[in-house]
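Quick note: the coordinates plus some simple rules give every number you see, no bench work behind them. In this text the structure is predicted, and so the values were computed from the model without any measurement. Here the Cβ positions follow ideal geometry from the backbone for every residue, glycine too, while neighbour counts run over all protein chains shown.
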Amino acid sequence: MTQTQPIPFLTERPAWKALQAHAETIKATDLRKLFADDPKRGEQMRVEAEGLFLDYSKNRITAETLKLLIQLAKDSGLRARCEAMFTGEKINTTEGRAVLHVALRAPASESIKVDGEDVVPEVHKVLDKMTSFANRIRSGEWTGHTGKRIRNVINIGIGGSDLGPVMAYEALKHYSQRDLTFRFVSNVDGTDFVEATRDLVPEETMFLVASKTFTTLETMTNAHTARDWFLASGAPETAIAKHFAALSTNTKLVGEFGIDTENMFGFWDWVGGRYSMDSAIGLSTMIAIGPDAFQEMLAGFHAMDVHFRTTPLEQNLPALLGLLTVWYTDFFDAQTVAILPYDQYMKRFPAYLQQLTMESNGKHVTLDGTRVTYSTGPIYWGEPGTNGQHSFYQLIHQGTRLIPCDFIGFFKALNPLGNHHDLLMANIFAQAEALAFGKTAEQVKAEGVAPELVAHKVFEGNRPSNVILADKLDPMTLGKLIALYEHSVFTQGVVWGIDSFDQWGVELGKALAQKIVPELDSKAALPLHHDSSTNELIELYRSNK
Ligand code: G6Q
């Protein structure tokens, strides 16, 4: 670690204390006044980096707030932690692992060492192998066991081995090879597999079993079901090599499953599940959009990595986004952040970010195991606009909670159609404006609204949002956007002093069900030793299944 001085507990840091006092001043003013006092606010509180524009002027902040938040980041050792991550230090201390998703998109000319070994050449070796495989599937050169080309690609994985691939496929569908069908099976609910395969021909289908550990209950269950489904078509066991590939770190278990390790695409323990969509886990993405476009996506990630690592915090997009989240979470008691992409292709982006943010920062102790006395990771949620406007935006506008929003939009439409795109974008600008400035009782009265309805039609305003804009949704831009949020999460985690890279809560879930599975057998009727509620539920299920 480059950090030498011990860092005081978060609430003891001078910048934290200053922010506490400062928050009271900010709560006493509002966005109407802040904008009225400074006509240039919209111009000044805007950053452009790597083709992403962030307008953060509609946040409940002043220049002083930013100064203090940046001081807090510095006092928290953000720079040193960032360097530690980029140079392969084992900053995931509870698992004793380096955290090097940034190496997945490092150019071949770079060198990043873990335990003295340069990992970049390994990364590129796997990328090359993925490229050759993807090209063969895309061109039809790879044939199934009956000589027919592959038409369907099914990714079987869950959590980090599903959410990234499915989000990227949806986000980049515009660029995907349309004569290939892509499906994603994650849930252990048999419905997921059945619905994904019911109209597919086994001899034209390739399964990608995506599992870092190759032990996850859901994925292994679905993988075995896929194997049975495939063999039930009359295919011989030897055909499996042509229809199954594995994306995993576990060579031994892949081999035992019966997948030819020639068809295995590896990665490493320093890639966290939720940070793995640009590793071998992204093979479905590469097959869909092609290796060149995949490389563009990696270049986008890398551009944001470099920006995060080298740009002063005042101009640093991920740092600003992360610090604003700390601001609302800890000083305004905000519980959530809404992610509102105005782009139909981005429909799975909020779900993807839910895992990235909440699995990373949903922690209650600091790195040394001390219970935190402040709030950590907020709840991320959202839906694409404009759909959300016709449902939950009501609560954001007029409810009693403070919900910071990130609006995401693009200058250019991928499917230009009449004036659709102007209508879409007008809604972003209008929503952000309405949230910030609302509508006063005087304005409502001036519209001639009946006196008894005035209170109902008042919008208090003063509700914060960021607007993030880019030219168009392409692979490079998607890479930048994802890395923006990855590093925002990192920034938050550093301030909170937590391990953003472990997930003991998820591990617990993986173990719990295993114990109950045999108890559900009605015939065996094993004695139950849970609490009275769990015992009753299991009994009820046994007698009704
Ligand atoms: C991600 C989590 C978790 C993980 C899944 C799947 O950071 O660790 O979501 O990705 O549980 O794990 P496997 O890839 O090992 O099947």
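Here are a few things to note about the model shown:
- Of every Cα-Cα pair in region 297-432, the percent that sits beyond 26 Å: 33
- When you count the other C-beta atoms within 10 angstrom of each residue and take the mean per peptide, 50-62, 415-427 line up highest first as 50-62, 415-427.
- Between the residues Pro378, Met425, Pro404, the greatest Cα displacement towards the positive end of the dipole of region 356-447, with unit charges on the Cβ of Lys, Arg, Asp and Glu, is found for Pro378.
- Fraction of C-alpha pairs exceeding 14 angstrom in region 21-90: 69 percent, rounded to a whole number.
- Square roots of five times the Cα gyration tensor eigenvalues for region 92-216, Å: 30, 20, 13
- Computed extension length for Ala430-Thr400: 8.7 nm, one decimal, from 0.36 nm per residue of separation with the Cα-Cα distance subtracted.
- Comparing Met277, Ser139, Phe230 along the charge dipole axis of region 138-282, the residue lying farthest to the positive side is Ser139, per the Cβ-charge model.
- Antiparallel DSSP beta bridges within region 136-251, as percent of all bridges there, nearest 5: 5
- Using alpha carbons only, the radius of gyration of region 138-182 set against its Kirkwood radius gives Rg/Rh = 1.04.
- Two-site label geometry, Glu110 and Lys125: point separation in nm, points 7 Å out along Cα→Cβ: 2.0
- For Ile379, neighbours were defined as the other residues whose beta-carbon sits under 15 Å from its Cβ, and their charges (Lys and Arg +1, Asp and Glu -1) total -3.
- Computed lengthening from Glu48 to Lys252, 0.36 nm per intervening residue step minus Cα-Cα distance: 68.8 nm
- Along each principal axis, taking the top coordinate minus the bottom one, the Cα set of region 241-344 gives 54, 32, 31 Å in descending order.
- Per-residue extension of 0.36 nm, minus the Cα-Cα distance of Asn535 and Thr181, leaves a gain of 123.1 nm for this segment.
- Translational D in µm²/s for the chain (Stokes-Einstein at 4 °C, 1.567 mPa s, Kirkwood Rh from C-alpha pairs): 51
- Part-to-part distance (alpha-carbon centres) for region 407-445 and region 310-379, which is given in Å: 24
- Spin-label zone in region 332-363 - amide nitrogen under 18 Å from a point set 7 Å from the Cα of Trp504 along the C-beta vector: 358-363
- Within the chain, antiparallel bridges make up roughly 30 percent of the DSSP beta bridges whose residues both belong there.
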